[in-house]
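Here's the structure we're looking at; comments come further down.
Bear in mind these aren't lab numbers, they're just calculated from the coordinates by the rules spelled out. Here the structure is a predicted model, which is why all the values come from computation and not from measurement. Glycine also receives a Cβ, built like all others from the backbone with ideal geometry; neighbour counts cover every protein chain displayed.
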Amino acid sequence: MHNSQPMPIDKVLPTLIEKLQEDGRAVLTAEPGAGKTTRTPLALLDEPWLNGQGIIMLEPRRLAARAAAVYMAQQLGESVGETVGYRIRTESRVSARTRITVVTEGILTRMLQNDPGLTGIGLIIFDEFHERSLHADLGLALAMQSRSILREDLRILVMSATLDAAAVACLLEDAPVIECKGSMYPVETIYAPTRPNELLEAAVARTVLQALNAHSGSLLVFLPGAREIRRVQSALEQEQRVGSDVLITPLYGALPQEMQQQAIAAPPAGKRKIVLATSIAESSLTVAGITVVIDSGLRRTALFSPRTGMSRLTTMRAARDSADQRRGRAGRLAPGVCYRLWSEAEDRLLAPATPPEMLEADLTPLALELAAWGASPEELVWLDEPPAAPYRQATELLRQLGALDAAGAITPHGRQMASLGLHPRLAHMLLRAVPLGLSRAACRLAALLEERDLFRGQAAANDSDLRTRLSLVMAAGEEGSPRPGAANSADVDGYALQRLLQVSGQWERQLHKIADDIQPSNEMAGGNTDDWLSFCGLLVSYAYPDRIARRRSDGRYLLRSGRGAVFRNRQLLGDEPFVAIAEVDDEGAEGRILLAAPMPEEHVYEYYRDQMEESAHADWDEHTGVVRVRRRLTLGAILLQDKPDPNPTAERITEALLSAVAEQIDTLLPWNAKSKQLQARVEFLRRLEPSWPDLTDEALARHVHEWLAPYVTGMRKRSELQSLSLYTILENRIGWARMQELQAEAPTHLIVPSGSKIPVQYEGPQAPYVSVRLQEVFGMMETPRIGYGRIPITLHLLSPASRPVQVTSDLRSFWSGTYFEIKKDLKGRYPKHYWPDDPLEATATRKVRPNKP
DNA sequence: CTCTCCCT
């Protein structure tokens, strides 16, 4: 049918077509160079089961989506937008005739959200699924649910490199797996580990020189990031260690496009190239003429930390799948060589696969999509389920942004956020900017925060004031489109500026469309407020309400979330009393503020008043012990005001007392052995039966208002707290019925055969236990059990002089064994005492010998 | 003293 020379994929296409027809879903694994991306959709186009419906193919990158569509259109002798088209964020090339649409990931999600039944689509193909991006996982989960509820005839094909196909097949309800070999040249692997005490960059430079002598052709070097790339480049250049016939080109995402092109292109005639790249060269770009790969074995990744709610850049070992992918880059055109800067022993310890994004990334966008879809994670199928802690954090943030209601359902505001198609934080900021008349500034600010940094080099590092960047963008926007490359300053990336204005313009139009529904149109304006400079901080705070920060006396900042942070360059913003932080690098105990804007104090009070908390705190008069009240105003961890209350009401006095107790529950309340034991007894049972109330110090402190408030009304002094009957109060907290149960299942005392009441200890690693003299338990056959009969009481058996003799939780075996061993010794030391030969028949005693009956 | 990659 379609022309051009045969490719490996052709051999398996008939089987694939058959399986798709029969089973409606399939997994195709193909090695690089098999031709799966461009051949498969065209081969399926005329199948009768498609019924004339369309095919959607998902590609993880715009570049790849466009290229695949162009190539397929060429194969049909057409241009893009006829039978084959594509849709990416910035462009759409489809028509009424289009049957195959290649889309990028966000687009597929939007298509499913807008029409869960995917009307007119007969097949979805997930290409490069092994990359396991968040959106591809989500897309597959949504498509599978659509198939099971709405569209039984919707066919699904998952294509991937190697990946463990069995797991995906299982997820697709036992879909058939079809395998296809590729056409790769062999690549020799050389393990060349870093020497002891040798810096990574030095080892890389050394290996580069070695490889340069040993082989011909160009070199591709994989490094974790831009910093390492610059260092290796200067190490190679400084001492002129490479000849003039060798060209060194860096390659990473933040580089201007023309420099990327230069790195990808074949070297000029008579020259060789050393390309120093990040993982960008691993799959999305093909670098021409590479025969040697040198792999540092590292990758840099944004890990989401549930502890801080922020993502943090971390350098870590690349996994085996990634290392193999990098090595494969040397075998595209001819047999090649790959140097690995680690040993064969280390190689065996590599993780088999790069963790899917689901397990490492910020899940806020995912949580919003699921809420819009109307399903919780448990209702969908996943290769890896969204992990619980980050997911919970994500839904909490969405609630704070007003996207979810208290029950976790999506709100109208949340739907508008989802339809905007940017990170929920930024979407929220855009919607909140509308009533302020700041939508244009907000769109540009969002683009600044989302896209790659506008400044390059030193300038980016030095200026952490967001207003500088925003002013630049606003000015450029007013002048009309700037000429690329001819920016006002040498440090500004003209291309980036142009892209930024284009993207933000798109959002602005979208925002106008939906904002008309919520706001009277006369309030809408592109920028009727020229006051955006002073509102910059407020806008940032809408996106990052958890990162409003206040300056402390030492010049460091305290975030609302409780974290500390400091400006890396204090000269610019370090004196502002309040800032809203857009980016903070969160390594170590204290974050470094990379990007922020000052927030006028009036804005904090005006726009966050409803989120502030007012509370009363105790400040004791040291002489009289009488409470004095201080009133505090806080926004999260930030203390805004703290001043004495000259005329406190009775309620405020009580509140102050309670908050003092909550902070010092151990010292302000009159604890004694009995009440401490009560606390421990309840905790003992709570571990067995979670329905018991939590009476630990922490829980009591948290809930002082519930259990203590009624008893302290009217009190004013510290000494009055000491007069409370704490045991009775706790008893009331537990309740009558449960107190009866407590008496039975966690008794205060154990009555032993001698008649003694021995207190049961509920604290310590061996709890519950009793310490009792051995002679008092003669005749006790079984170890007593408490806690619903589940827990034996450990017996600390003592000599007549109360010295420890034996610890046991199994009396029966003690009497029949160990007793006889220690009896001899005891008899020697306490000859007057009673040491019977049959302890189970003997009479227990508190004295030296039992009374004669 | 410096930020991986990608996408709506």
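Here are the numbers for this structure:
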{"item": "Environment charge of A:I758, counting only residues whose C-beta is closer than 10 Å and scoring Lys/Arg +1, Asp/Glu -1", "result": "+1"}
{"item": "Sequence ranges A:40-48, A:192-200, A:393-401, A:425-433, ranked by mean other-Cβ count within 10 angstrom, highest first", "result": "A:425-433, A:393-401, A:40-48, A:192-200"}
{"item": "Most positive-pole-ward Cα, A:H749, A:S816, A:A801, against dipole of region A:749-829 from beta carbon charges", "result": "A:A801"}
{"item": "Convex hull of region A:8-180 built on C-alpha atoms - directionally averaged projected area, nm²", "result": "8.8"}
{"item": "Amide H contacts under 5 Å for A:I88, placed H, 5+ residues apart", "result": "A:R93"}
{"item": "Stretch gain in nm, segment A:D531-A:A744, where the contour uses 0.36 nm per residue and the Cα spacing is subtracted", "result": "69.6 nm"}
{"item": "Of the GluC sites (Glu not before Pro) in region A:223-318, those whose Cβ has at most 11 other Cβ within 10 Å and which sit in DSSP loop", "result": "A:E239"}
{"item": "Sites A:R317 and A:A650 - FRET efficiency at Förster radius 41 Å, r taken between beta-carbons, to 0.05", "result": "0.05"}
{"item": "Sorted by Cβ neighbour density within 10 Å, fewest at the top, the residues A:D384, A:D245", "result": "A:D245, A:D384"}
{"item": "Ranked by how many other beta carbons lie within 10 Å on average, peptides A:15-23, A:95-103 from highest", "result": "A:95-103, A:15-23"}
{"item": "Full-stretch length increase - A:D585, A:A226 - with 0.36 nm per residue and alpha-carbon distance subtracted", "result": "127.6 nm"}
{"item": "Inter-site label distance for A:D666 and A:Q641 at 7 Å from Cα along Cβ, in nm", "result": "3.5"}
{"item": "Separation in nanometres of the label points that stand 7 Å from Cα toward Cβ, at A:R556 and A:E31", "result": "5.5"}
{"item": "15 Å beta-carbon shell around A:F578, net charge (K/R +1, D/E -1)", "result": "+1"}
{"item": "Rounded Å value of the spacing that divides the Cα centres of region A:334-401 and region A:229-252", "result": "35"}
{"item": "Pairwise FRET efficiency - A:E379 versus A:V807, Cβ, R0 = 45 Å, nearest 0.05", "result": "0.30"}
{"item": "Globularity ratio of region A:749-829, using Cα Rg and 2.2 N^0.38 Å", "result": "1.06"}
{"item": "Amide proton proximity set for A:V584, modelled H, under 5 Å, gap of 5+", "result": "A:L594"}
{"item": "Zone residues, region A:188-208, relative to A:L349, backbone N less than 19 Å from point 7 Å out along Cα-to-Cβ", "result": "A:191-200"}
{"item": "HN-Hα J in Hz across region A:148-153 - Karplus 6.51, -1.76, 1.60, θ = phi - 60°, x for Gly and Pro", "result": "7, 9, 10, 9, 4, 8"}
{"item": "Longest to shortest principal axis, alpha-carbon extents of chain A, angstrom", "result": "115, 71, 66"}
{"item": "Fraction of beta bridges assigned by DSSP in chain A that are antiparallel (%, nearest 5)", "result": "45"}
{"item": "Members of A:K181/A:K271; A:K674/A:K717; A:K36/A:K271; A:K19/A:K181; A:K11/A:K273 lying beyond 30 Å, as alpha-carbon distances in this model show", "result": "A:K181/A:K271; A:K36/A:K271; A:K11/A:K273"}
{"item": "Sequence ranges A:546-553, A:265-272, ranked by mean other-Cβ count within 10 angstrom, highest first", "result": "A:546-553, A:265-272"}
{"item": "Acute angle (nearest 10 degrees) that the helix A:13-23 long axis makes with the longest principal axis of chain A, alpha-carbon atoms", "result": "50"}
{"item": "Spatially proximal lysines relative to A:K823 (Cα-Cα < 19 Å; intrachain offsets below 8 disregarded)", "result": "A:K832, A:K847"}
{"item": "Theoretical FRET efficiency, 1/(1+(r/R0)^6), r = Cβ-Cβ of A:L303 and A:N851, R0 56 Å, to 0.05", "result": "0.15"}
{"item": "Region A:350-451 shape via C-alpha gyration tensor axes, a/c threshold 1.5", "result": "oblate"}
{"item": "Fewest-first sequence of A:S799, A:S311 by Cβ atoms within 10 Å of each Cβ", "result": "A:S311, A:S799"}
{"item": "In degrees, nearest ten, helix A:494-518 long axis to first principal axis of chain A (Cα)", "result": "60"}
{"item": "Karplus (6.51, -1.76, 1.60) ³J(HN,Hα), θ = phi - 60°, over region A:616-621, in Hz, Gly and Pro reported as x", "result": "10, 10, 7, 9, 6, 6"}
{"item": "Three-way shape call for region A:624-674 based on the alpha-carbon gyration tensor, with the a/c threshold at 1.5", "result": "oblate"}
{"item": "Ranked A:C443, A:C180, A:C338, criterion: other C-beta atoms within 10 Å, fewest first", "result": "A:C180, A:C338, A:C443"}
{"item": "Extension gain, A:W736 back to A:R632 (0.36 nm per residue minus Cα-Cα distance, nm)", "result": "33.6 nm"}
{"item": "Rounded to the nearest 20 debye, dipole of chain A from Cβ charges on Lys, Arg, Asp, Glu", "result": "2240"}
{"item": "Mean ellipticity per residue at 222 nm, deg cm²/dmol - from DSSP H runs of n ≥ 4 across chain A, formula -39500 (n - 2.57)", "result": "-11000 deg cm²/dmol"}
{"item": "Qualifying GluC sites (Glu not before Pro) in region A:650-702, DSSP loop, other Cβ atoms within 10 Å at most 11", "result": "none"}
{"item": "Qualifying trypsin sites (Lys or Arg not before Pro) for region A:703-810 [loop in DSSP, other Cβ within 10 Å: at most 11]", "result": "A:R790"}
{"item": "Per residue Cα convex hull volume in Å³ - calculated over region A:187-354", "result": "133"}
{"item": "Where labels lie 7 Å past Cα in the beta-carbon direction, separation of A:A214 and A:R592 in nm", "result": "3.7"}
